[in-house]
Amino acid sequence: MRHIISVRDLERREIDGLLDRAGEIEARRFDPDLLAGRILGLFFFEPSTRTRMSFESAMARLGGVSLSMGSVEASSVAKGETLADTIRVVSGYVDAIVLRHPREGAARLASEFASVPVINAGDGAGQHPSQTLLDLYTIRQSMPLDGLRVGLLGDLRYGRTTHSLAIALSLYKAEIAAIAPKGLELPSGIIHELAGRGTVVSEYTAVEEVIDDLDVLYVTRIQRERFPDVASYLDVASSYRITPDLVRCAQPHMIVLHPLPRMDEIDPGVDALPNAKYFEQAHHGVSVRMAMLSEVMG
Amino acid sequence: MRHIISVRDLERREIDGLLDRAGEIEARRFDPDLLAGRILGLFFFEPSTRTRMSFESAMARLGGVSLSMGSVEASSVAKGETLADTIRVVSGYVDAIVLRHPREGAARLASEFASVPVINAGDGAGQHPSQTLLDLYTIRQSMPLDGLRVGLLGDLRYGRTTHSLAIALSLYKAEIAAIAPKGLELPSGIIHELAGRGTVVSEYTAVEEVIDDLDVLYVTRIQRERFPDVASYLDVASSYRITPDLVRCAQPHMIVLHPLPRMDEIDPGVDALPNAKYFEQAHHGVSVRMAMLSEVMG
Amino acid sequence: MRHIISVRDLERREIDGLLDRAGEIEARRFDPDLLAGRILGLFFFEPSTRTRMSFESAMARLGGVSLSMGSVEASSVAKGETLADTIRVVSGYVDAIVLRHPREGAARLASEFASVPVINAGDGAGQHPSQTLLDLYTIRQSMPLDGLRVGLLGDLRYGRTTHSLAIALSLYKAEIAAIAPKGLELPSGIIHELAGRGTVVSEYTAVEEVIDDLDVLYVTRIQRERFPDVASYLDVASSYRITPDLVRCAQPHMIVLHPLPRMDEIDPGVDALPNAKYFEQAHHGVSVRMAMLSEVMG
């Protein structure tokens, strides 16, 4: 059986295959016969409306049906059931499981007890492969993936999407510019892992130092609660804010991505620039998830 | 693109067209090919099980699939995302959006950022066009819509369904009898707007004064929290309660409507009278919403 | 119209018919034409993710669509609507109703006001016929239903699943061994009812006294909150815990069932024994509910 748990499990050939499939699917828009009669179970132990809805949309476009666990409070989990038991039971109700869980490793554990394929939609500080695949897909819509110079901006310490993306990009010989405020730098463990995969990380504290040299600028949110007081948060937030003037300093082909939702990190004035690809990026989530669902159930 | 935001935007010809279409659909009961493969997104920032379920039922009868946002707490909105961003993102997931939002004007705003049609399912004190259309449809099942004398009863100050209905009825040269307790009268702004549309409003404080002259009696709930104390609420509530004896004072063809849920405003003894049309009215919600969905997506 | 409210309403012939139908359905796995275009409404006034999801899975496998009420807080019920009114309204939205409600008798009441079939998915201390049917179905997969010796273990006072199962088994001339700690014994009313149906109940306080004589051991949870303090709970819980050693004392053909979720009542070491049928039992819930849905709507 085929599970999709971590980007670290995927070879370049497999990622390319999924992205190719997403491209074919996007060209057709929907394919209502592919998963007709199939049932997808969405088990979100942490809420995420957007990820859930884009999986549901993907399943519907393939002709299948989605069932959702509803709130954790209403579930057998609230009565103290183990994740292993929950997964064994629901394996009889659905043809594949999408799991989001606060505990790192939960998806891997689930895959060991499930009798149907499991897709990881986020496990704590761990992996969220569908986000990484849609990030790669969006980049590939604008330029070939090989040898890119990619800037990761914002909270690189806690932001798991940037970690997964960097790991995946190492398969494509990217150079990584890690741009983060003091205290929120990319963890040294990730930097070492990337080095082991042949990828060099350069570190910066200001985007101006490096923006004219990037192909992709991947912006993430800096969370207020990481800072001791509002003043120090505002100070950092304002210097990590992407504006139209800043984007005009970049090479014309540079694209701006963001996993969304954004708060103030990207000025709304950037939205109208051709470099802004973050809404398209969100939309590509459906095609990429259609590819993942057809991969595990098709 | 076609949005349905406010009854005020609709011409008589458009309303007649939607009601005709609802009638054709009701005769067929369902039409599973019309919206096969289409996806409806339900974004309810205020809960409303009934409106949501009747849109979902309508979509299912047309062969389409519905996705729901789930709770606001679980969504990106809780992280501070703007409505404009939310709408831009989900436009990539669905083929039409049904929006309920506590802020007046939210649906109009959403329609400016959406790349798919938007149907307003209630925005604060603003419009709720599907309710008005099903009210009109229910009346038309019993009598032609032109030149009717319609009594609006209950909380006419805060009750938005009565405002929308009165505005729509002005296209059909209705006369309006506004029957409300002191302090909950129809706002003067609505009375002036109706006058500008050629519709005369007469005001009453007791239903007995006017019931023998009505074709339609539209009853709404009086909410306890509008009153300073329980005694003054009970006093008003009891004199605005519709009983079988009261209905027998009306012309035999007069119909009783209510947007539901009802509390004590209508005595259960009325349910068995041929004048009681409020449950049929609720059921017509499905046909009318099928017509709306096929109008914007068909 | 056909409702399914209580096991007490069902004759042996009807139960056999439903179980036969479930068997045919399980062989085919799904039948997407049987209920195509039909809509099932799930009204859970008490949460139960598992029961709800298995009904939704069953409906999807038959080609139909499910709508859920969502939370009670979000519904018209929160505004004070009567169950009778709610049921009358939603009868216009769906083709059948599955109801779970905290009040005993709620499903029977609903069936009187509904214009579509009602299936009871639990009403307070009352009935939950789909659980009983899947229990019987699971037993019948292993052995003929007639003349079995069935041990019911755990909280037999408050555990409604054991009551319903015992009532149904009386149609098949079962002998019941009721094994419960002091204070949680099978209520005398149930024992008398069973006697009136020709079924003898023997009572035990320890499973060791009787396990070698059973064909089926039906384990249920003992809830901590039934005990005055943690020590007395732990004392009881440990002596009502099923272990591999205990199962090895039984006849080889004895099967172990549990309505799930389990806490500590069954040692995970039992899972690998051929006697353990509780996960299959949960899975059979889908086939049995497909049979019920096709019975009332097919």
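The values are calculated or read from the model by the stated rules, or taken from the named source; none is laboratory data. What you see is a predicted model; the values in this text were computed from it and never measured. When we count neighbours, we look across all protein chains shown, and the Cβ atoms used for this are built from the backbone with ideal geometry, even at glycine.
Restricting attention to the range B:27-36, the residues being away from chain C (no Cβ under 11 Å) and either buried (at least 17 other Cβ atoms within 10 Å of the Cβ) or closer than 16 Å to residue B:91 by Cα (or both) number 2.
Taking the criterion of being of a type in the set (S, T, N, Q), without any contact (Cβ under 8 Å) to a residue 40 or more places away in the chain and out of contact with any Cys (no Cβ under 7 Å at 6 or more places or on another chain), would at least one residue in the range C:124-143 satisfy it?
Residues of the range C:124-143 of a type in the set (S, T, N, Q): C:127, C:130-132, C:138, C:141-142.
Keeping just the survivors that are without any contact (Cβ under 8 Å) to a residue 40 or more places away in the chain gives none.
No: zero hits.
Condition first: of a type outside the set (Phe, Trp, Tyr), out of contact with any Ser or Thr (no Cβ under 8 Å at 6 or more places or on another chain) and touching a residue at least 60 places away in the same chain (Cβ under 8 Å). Now tell me which residues in the range B:195-241 satisfy that. Selection gives B:211, B:213, B:214, B:215, B:216, B:217, B:219, B:221, B:222, B:223, B:226.
If you check residue B:99 against the conditions, is it more than 14 Å from chain A (Cβ to nearest Cβ) and part of a strand (DSSP E or B)?
Details: more than 14 Å from chain A (Cβ to nearest Cβ): yes; part of a strand (DSSP E or B): yes.
Answer is yes for this residue.
For every residue, the table says whether it meets (1) without any contact (Cβ under 8 Å) to a residue 60 or more places away in the chain; (2) within 18 Å of residue A:287 (Cβ to Cβ); (3) outside the structural domain of residue A:136 (by TED's automatic domain parsing).
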position: A:20; (1), (2), (3): yes, yes, yes
position: A:23; (1), (2), (3): no, yes, yes
position: A:44; (1), (2), (3): no, no, yes
position: A:59; (1), (2), (3): no, yes, yes
position: A:80; (1), (2), (3): yes, no, yes
position: A:85; (1), (2), (3): yes, no, yes
position: A:98; (1), (2), (3): yes, yes, yes
position: A:106; (1), (2), (3): no, no, yes
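The residues of the range C:257-290 that are in a helix (DSSP H, G or I), aliphatic (A, V, I, L, M) and at the interface with another protein chain (Cβ under 10 Å from one of its Cβ atoms), listed by number, are C:282, C:286. Among the residues in the range C:40-57, are any closer than 24 Å to residue B:29 by Cβ and assigned to a loop (DSSP other than H, G, I, E, B)? No, the range C:40-57 contains no residue that is closer than 24 Å to residue B:29 by Cβ and assigned to a loop (DSSP other than H, G, I, E, B).
Restricting the range A:85-105 to residues that are under 17 Å from the mean Cα position of the chain (by Cα) and surrounded by 19 or more Cβ atoms within 10 Å (Cβ to Cβ), the residue that is nearest to residue A:290 (Cα to Cα) is A:98.
Answer with yes or no whether residue B:293 is outside any helix (DSSP H, G or I), crowded, with 19+ Cβ neighbours inside 10 Å and away from every other protein chain (no Cβ under 14 Å). Spelling it out, it is not the case that residue B:293 is outside any helix (DSSP H, G or I), crowded, with 19+ Cβ neighbours inside 10 Å and away from every other protein chain (no Cβ under 14 Å).
For the range B:62-89, a residue qualifies if it is at pLDDT 95 or above and at the interface with another protein chain (Cβ under 7 Å from one of its Cβ atoms), and the qualifying residues are B:65, B:67, B:85, B:88, B:89.
Among the listed residues B:123, B:135, identify the single one that is touching a helix residue (DSSP H, G or I) at 6+ places or on another chain (Cβ under 6 Å), modelled with pLDDT under 95 and within 24 Å of residue B:282 (Cβ to Cβ).
Numbers: B:135 fails: modelled with pLDDT under 95.
Exactly one of B:123, B:135 is touching a helix residue (DSSP H, G or I) at 6+ places or on another chain (Cβ under 6 Å), modelled with pLDDT under 95 and within 24 Å of residue B:282 (Cβ to Cβ), namely B:123.
Among the criteria (1) more than 30 Å from residue A:267 (Cα to Cα); (2) at pLDDT below 90, the one residue B:51 does not fulfil is (2). For residue B:253, the conditions (1) closer than 14 Å to residue B:175 by Cα; (2) of a type outside the set (S, T, N, Q); (3) touching a residue at least 60 places away in the same chain (Cβ under 8 Å); (4) in a loop (DSSP other than H, G, I, E, B) are fulfilled apart from (1).
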